[in-house]
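Input: a single structure, listed below in structure tokens.
The values are calculated or read from the model by the stated rules, or taken from the named source; none is laboratory data. Computed from a prediction, not measured in an experiment: that's the story for all the values here. Cβ sites come from the backbone with ideal geometry, for glycine too, and all protein chains shown count toward neighbours.
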């Protein structure tokens with residue numbers, strides 16, 4: 001009997017996560033799922049054609065990321081409810097084998113589908129809630145980033161208290177100082193050195209704390225990876241997503257140095 005070709009897995013892994021961490025992606029970065037309101041969107045290219053700041057879009061065109069790019073394009077052509085349903089089944093099978101899933105992140109690349117694509121789609125909502133409910137029941141923290149206020153508001157209305165939907169601030173420091181709910185923010189400029197970007201991130205975190213009273217940290221995974229570039233002895237294998245659960249915690253805000 002001929003062997004059935006095994007389907008390619010939906011879930012993936014990512015370098016910022018500890019061993020066993022899982023990513024679930026709906027498509028390509030800078031593609032139709034990404035809100036043009038994001039200041040790192042490819043449509044924000046400078047008139048002279050300068051490279052946009054979206055690190056995920058940049059990484060997907062690297063020669064060593066061809067398999068990832070092919071996977072993201074494959075997912076882009078799938079109904080998002082199907083992506084969620086298959087991802088949940090794969091996670092369930094991992095847990096049934098007795099393995100621990102320490103962290104799930106939606107959209108390490110690409111973004112959650114735009115509201116217009118899934119609004120009124122009962123199957124998408126049921127699959128999203130099923131995935132998050134399963135993760136809750138098995139104490140699996142989830143990071144759900146959104147690249148705009150409008151998208152954060154839409155997904156918060158879908159998931160309620162099942163998970164934290166984190167808004168990536170687009171309005172600069174003014175919005176960072178006033179936004180309610182869990183947020184993230186990218187601080188620094190391409191012209192700055194890494195130490196200067198870290199200082200910008202720390203200043204942004206301080207401003208958020210002072211104006212809102214909320215706990216605000218600079219992403220330890222980025223700080224750790226940059227420290228390791230200079231001295232591998234400084235790498236902390238635990239300074240990664242899954243060991244740090246800030247992005248899944250409602251009372252914590254996170255600042256990323258531009259990377």
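For this structure, a couple of remarks:
- Condition check for residue 176: within 21 Å of residue 24 (Cβ to Cβ) and either buried (at least 19 other Cβ atoms within 10 Å of the Cβ) or in the same structural domain as residue 98 (by TED's automatic domain parsing) (or both): no
- Listed here are the helices (runs of 4 or more DSSP H) enclosed by the range 87-170 that have at least 2 residues being under 21 Å from residue 246 (Cβ atoms) and over 13 Å from the mean Cα position of the chain (by Cα): 122-137, 149-159.
- Selection status of residue 241, outside the structural domain of residue 21 (by TED's automatic domain parsing), over 17 Å from residue 187 (Cα atoms) and buried (at least 18 other Cβ atoms within 10 Å of the Cβ): yes
- Residue within the range 205-226 that is within 23 Å of residue 54 (Cα to Cα) and surrounded by fewer than 16 Cβ atoms within 10 Å (Cβ to Cβ) present: no
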